[in-house]
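FYI, it's all coordinate maths here, none of it is from the lab. What you are looking at is a predicted structure, and each value in this text was computed from that prediction instead of being measured. For neighbour counting, all protein chains shown are included, and Cβ atoms are generated from backbone atoms with ideal geometry for every residue, glycine included.
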Amino acid sequence: MAVRRVELPVGVRGALWLSSMPGRWEPWSSFVDEAQRVNLALTLCLTEPDEVAELSPNYQRAIDTGTLPGAWVNVPMRTYD
């Protein structure tokens, strides 16, 4: 998984990384490795829970079992097709 770092304003502490849904387009282990590499502390998920389960079963399993690297917050944004 390729994470992209967002440049934060001067004086803002921490780091912000953007990526696609973990485990959807790459092996789950790639996400775990990348999360450890960047010291990921929180995953902010913008996807509806049923869509996570459908598109990335390994991601859903990690959420369900509490094995996701770092904390997890879900703020689902509805898709309007």
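In region 21-57, how many are of a type outside the set (A, V, I, L, M, F, W, C), surrounded by 14 or more Cβ atoms within 10 Å (Cβ to Cβ) and in a loop (DSSP other than H, G, I, E, B)?
Of the residues in that region, 7 qualify.
Yes/no per residue for (1) touching a residue at least 12 places away in the same chain (Cβ under 8 Å); (2) touching a Ser or Thr at 6+ places or on another chain (Cβ under 9 Å):
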position: 21; (1), (2): yes, yes
position: 42; (1), (2): yes, no
position: 49; (1), (2): yes, no
position: 54; (1), (2): no, no
position: 64; (1), (2): no, no
position: 68; (1), (2): yes, yes
position: 78; (1), (2): yes, no
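Test each condition in (1) surrounded by 14 or more Cβ atoms within 10 Å (Cβ to Cβ); (2) touching a Leu at 6+ places or on another chain (Cβ under 6 Å) for residue 70 and report the one that comes out false.
So the condition that residue 70 fails would be (1).
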